[in-house]
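Note sheet for the following structure.
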Ligand code: DX5
Ligand code: ZN
């Protein structure tokens, strides 16, 4: 059980997504955000099938895991790939701490979540914006992270889909005690507080952080907005 005992489900965190980082400088861009206070990094893995884009695989996790773990941080992998069960062991060995899969991408979701837990990672499940939240009723019993996609997966820099707030509320209802609710896509200064108030405790942001002139400052600004929004689910 390498890293699954980290405070995954109870804390409120802004999680930088390295999809928006400079692909030639992952290590230094992660260190910059570690210095700014970030502890959970979101890693978007895309396979060119489930979504049209290819990004990167477990090698990138391996490259940054040492720095992140040394500072008490965690790596949350978001698998936008078909049959994500095929890669559980690669990512666990590489140092991933959480492994979130799409309900649309795996036939045997229950078994996949069990595999993830057995591999020592936090099991998470997510769904596309047009997939009914109710499809996760059973999976939510096995998952410690319920991720609401607030854009269609595949690209950073898209606009937040407003209906996602209602979906976050539904996911919070489904979440078993102690499970986290994450929101991913279009999260930035204008949208982050609403997501917290709807019940999200993991706020993933890519371009709002890494496309900003000063990523560390942009991160701290988001953290401040999260604090000001009050406890998750407060409205
Ligand atoms: C989109 C990814 C997101 C992406 C979000 O498919 O799942 O994690 O990094 O990027 P922004 O924050 O720019 O919308
Ligand atoms: Zn993502």
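A few points about this structure:
- A convex hull fitted to the Cα coordinates of region 98-152 yields 68 cubic angstrom per residue.
- Proportion of all alpha-carbon pairs of region 100-217 beyond 26 Å (%): 19 percent
- Stretchable slack from residue 114 to residue 214, in nm (0.36 nm times residue separation minus alpha-carbon distance): 32.0 nm
- Estimated from helices alone, the mean residue ellipticity of the chain at 222 nm is -9500 deg cm²/dmol (sum of -39500 (n - 2.57) over DSSP H runs with n ≥ 4, per residue).
- Two-decimal Rg/Rh across region 151-204, once Rg and the Kirkwood Rh are taken from alpha-carbon atoms: 0.96
- Summarising the overall dimensions of region 164-235 from its C-alpha atoms, the Rg and Dmax are 12.1, 39 angstrom.
- Cubic angstrom per residue, convex hull over Cα atoms of region 52-141: 104 Å³
- Label sites at residue 89 and residue 49, each approximated as a point 7 angstrom past Cα along Cα to Cβ, lie 1.9 nm apart.
- Ellipsoid equivalent to region 24-95 - semi-axes via the Cα gyration tensor, in Å: 23, 13, 10
- Expressed in units of 2.2 N^0.38 Å, where N is the residue count, the Cα radius of gyration of the chain is 0.90.
- Computed extension gain for residue 138 through residue 155, at 0.36 nm per residue and net of the alpha carbon distance, reaches 3.3 nm.
- Each of 226, 12 was scored by other Cβ atoms within 10 Å of its Cβ. Listed from fewest to most, they are 12, 226.
- The alpha carbon radius of gyration of region 82-121, expressed as a multiple of 2.2 N^0.38 Å, is 1.03.
- If the segment from residue 62 to residue 128 were pulled out straight at 0.36 nm per residue, it would be longer than the present Cα-Cα gap by 21.0 nm.
- Under 15 Å from the residue 224 label point (7 Å along Cα→beta-carbon), backbone N, region 169-191: 189-190
None of the figures in this text is laboratory data; all of them are computed from the coordinates on show. Computed from a prediction, not measured in an experiment: that's the story for all the values here. Don't worry about glycine lacking a Cβ; one is built from the backbone with ideal geometry, like all the others, and counts go over all protein chains shown.
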